[in-house]
Amino acid sequence: MSLLSLAFQASSDSLGIGTINDPPYLPSACFGFQDQGVMIAAANQDLWDGGAVCGKYFQVTCIGGTDRGIPHPCTSTPTVTVMITDLCPPPVCQGNLDLSHESFSLIANPDAGEMKISYRQL
């Protein structure tokens, strides 16, 4: 892989806030009562795109704490892949992606409640 392709790959990531969502995860806006597992997330209104993002996979990486949470929440394995199964509507949604408790806990301390993230659609 060339240095140019590495730079292009890194530049395709978006930056935002990831928040934690506790169960139950059903029903969801995308799949109703059909269970999609726990490696899932809800998209904010900007990412939602009228539901076009349903079933799409995103790679999410914890890159740091916010000024409202734990200063260094990221774990030693700060990246996870999640499927979008729901809408995180305003004004409830406080981030770009609302991650299931299980997926959030893999990449950050759940006590933080939120984290700075980089993310991209796969």
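General remarks:
- Top-ranked residue in region 41-74 [being surrounded by 13 or more Cβ atoms within 10 Å (Cβ to Cβ) and closer than 17 Å to Asp111 by Cβ; ranked as modelled with the lowest pLDDT]: Gly69
- Some residue of region 75-82 being among the polar types (S, T, N, Q), closer than 24 Å to Asp111 by Cβ and in contact with a Cys (Cβ under 6 Å, 6 or more places away or on another chain): no
- Apart from one condition, Tyr57 fits all of (1) in contact with a strand residue (DSSP E or B) (Cβ under 9 Å, 6 or more places away or on another chain); (2) free of Cβ contacts under 8 Å to residues at least 60 places away in the same chain; (3) closer than 21 Å to Ser12 by Cα; the exception is (2).
- Against the conditions (1) small (Gly, Ala, Ser); (2) closer than 12 Å to Ile20 by Cα; (3) under 10 Å from the mean Cα position of the chain (by Cα), Ser118 satisfies every one except (2).
- Test: residue in region 24-40 that is within 16 Å of Asp13 (Cβ to Cβ) and either crowded, with 20+ Cβ neighbours inside 10 Å or among the aromatic types (Phe, Trp, Tyr) (or both): no
- Filtered by the rule that a residue be over 9 Å from the mean Cα position of the chain (by Cα) and either buried (at least 16 other Cβ atoms within 10 Å of the Cβ) or at pLDDT 95 or above (or both), region 84-93 gives Thr85, Asp86, Leu87, Cys88, Cys93.
- Pick from region 94-122, criterion within 15 Å of Asp67 (Cα to Cα) and of a type in the set (Asp, Glu), ranking: surrounded by the fewest Cβ atoms within 10 Å (Cβ to Cβ): Asp111
- Residues satisfying the stated conditions in region 12-53, i.e. touching a strand residue (DSSP E or B) at 6+ places or on another chain (Cβ under 6 Å), within 16 Å of Leu122 (Cβ to Cβ) and hydrophobic (A, V, I, L, M, F, W, C): Met39, Ile40, Ala41, Ala43, Val53
- Scanning region 11-25 turns up at least one residue that is of a type outside the set (Gly, Ala, Ser) and touching a Phe, Trp or Tyr at 6+ places or on another chain (Cβ under 7 Å).
The values are calculated or read from the model by the stated rules, or taken from the named source; none is laboratory data. Every value quoted in this text rests on a predicted model; they were computed, and no experiment measured them. Neighbour counts are summed over all protein chains in view; Cβ atoms, including those assigned to glycine, are modelled from backbone coordinates with ideal geometry.
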